[in-house]
1. I'd like the full set of residues that are within 14 Å of residue 142 (Cβ to Cβ) and touching a residue at least 60 places away in the same chain (Cβ under 8 Å), limited to the stretch 111-126.
2. How many of the residues making up the stretch 31-47 are part of a loop (DSSP other than H, G, I, E, B) and either in contact with a helix residue (DSSP H, G or I) (Cβ under 8 Å, 6 or more places away or on another chain) or buried (at least 19 other Cβ atoms within 10 Å of the Cβ) (or both)?
3. Please determine, by comparing only the residues of the stretch 48-70 that are surrounded by 17 or more Cβ atoms within 10 Å (Cβ to Cβ) and farther than 21 Å from residue 259 by Cα, which one is nearest to the chain's Cα centre (by Cα).
4. Return the total of residues in the stretch 223-246 being in a strand (DSSP E or B), without any contact (Cβ under 8 Å) to a residue 60 or more places away in the chain and more than 25 Å from residue 91 (Cα to Cα).
5. Assuming residue 65 fulfils every condition listed in (1) assigned to a strand (DSSP E or B); (2) in contact with a strand residue (DSSP E or B) (Cβ under 6 Å, 6 or more places away or on another chain) apart from one, which condition is it?
6. All but one of (1) outside the structural domain of residue 28 (by TED's automatic domain parsing); (2) at pLDDT 95 or above; (3) within 27 Å of residue 114 (Cβ to Cβ) hold for residue 236, so report the exception by its number.
7. Which residues, counting only those in the stretch 158-191, are without any contact (Cβ under 8 Å) to a residue 40 or more places away in the chain and either within 17 Å of residue 134 (Cα to Cα) or not assigned by TED's automatic domain parsing to the domain that holds residue 111 (or both)?
8. What number of residues in the stretch 124-150 are buried (at least 18 other Cβ atoms within 10 Å of the Cβ) and within 26 Å of residue 285 (Cα to Cα)?
């Protein structure tokens, strides 16, 4: 199916901080700047509206020799598994950086979110270890990068668009960079658990890592053992989720560790249920506290 949610073309993006994000397909105005609408996935080369897609990232082909576009040639390459992407350049990947990886100080042309799954990385003067998080707005300088500890680092690498992310050699922030949104190094283990925003997950717990301009954002969700959502759910927003610990059965699909899900706006997801509990990394482009964003649904005759 043709992807209607086109972003600015790369050749139009010389002034990269002033390219408008595409409006979210649930009726948003693009302020969230996550560009999660209209994505293709590792198991579907075409965008399929209103159809959730779940898969084990261990089965996704690995791209060897991956490097950040624009980085100097002497920077050691890594490996990448591309999980979701949009034609404008926004994408979510699982990236593996080798122990000898070092990259110079600079800025990026698109917002970047990173979440460490394994290993330790140095980001400027800050270190991120397992379950560490950073949000780097376009044009913000973070200093040099380095993998620490002699072991490769495994990272969820999220380029938010609306143009392809490129490295630019700059020792200072761009004058128009959104420095106030910069999250240098957040250790999620130090955050308290809070309540969720939906009745469907009322007994679960949530840690916000970041909130975006539409009230959505990025968080950790823990689903307690013995959870049973009882009903299907209609989700009026775009969502990405990655399994960190445990599992949750979503219909007939066991969504476990290293599994990934992309749910476009107005997807109807099957009943959620788990005996053992689970921990997920989640990104959503809408405020879930608003009425009508998540609806319990029982099929007629079910």
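The values are calculated or read from the model by the stated rules, or taken from the named source; none is laboratory data. Owing to the predicted nature of the structure, the values given are computational and were not obtained by experimental measurement. Neighbour counts run over all protein chains shown; Cβ positions are idealised from the backbone, glycine included.
1. Step one: of the stretch 111-126, the residues within 14 Å of residue 142 (Cβ to Cβ) are 111-114, 121-126.
Result: 111, 113, 123, 124.
2. First, pick out the residues of the stretch 31-47 that are part of a loop (DSSP other than H, G, I, E, B): 31-39, 42-43, 45-47.
After this cut, where a residue has to be either in contact with a helix residue (DSSP H, G or I) (Cβ under 8 Å, 6 or more places away or on another chain) or buried (at least 19 other Cβ atoms within 10 Å of the Cβ) (or both) as well, the list is 32-39, 42, 47.
Residues in the stretch 31-47 being part of a loop (DSSP other than H, G, I, E, B) and either in contact with a helix residue (DSSP H, G or I) (Cβ under 8 Å, 6 or more places away or on another chain) or buried (at least 19 other Cβ atoms within 10 Å of the Cβ) (or both): 10 in total.
3. Filtering first and then ranking leaves 68.
4. 3
5. Going through the list (1) assigned to a strand (DSSP E or B); (2) in contact with a strand residue (DSSP E or B) (Cβ under 6 Å, 6 or more places away or on another chain), residue 65 breaks only (2).
6. Failing condition for residue 236: (3).
7. Kept after step one, since they are without any contact (Cβ under 8 Å) to a residue 40 or more places away in the chain, are these residues of the stretch 158-191: 172, 175, 180, 190-191.
Within the stretch 158-191, 180, 190, 191 meet the criteria.
8. Narrowing the stretch 124-150 to residues buried (at least 18 other Cβ atoms within 10 Å of the Cβ): 128, 131-142, 145-147.
In the following step, the residues that additionally are within 26 Å of residue 285 (Cα to Cα) were identified as 128, 131-142.
Counting residues in the stretch 124-150 that are buried (at least 18 other Cβ atoms within 10 Å of the Cβ) and within 26 Å of residue 285 (Cα to Cα) gives 13.
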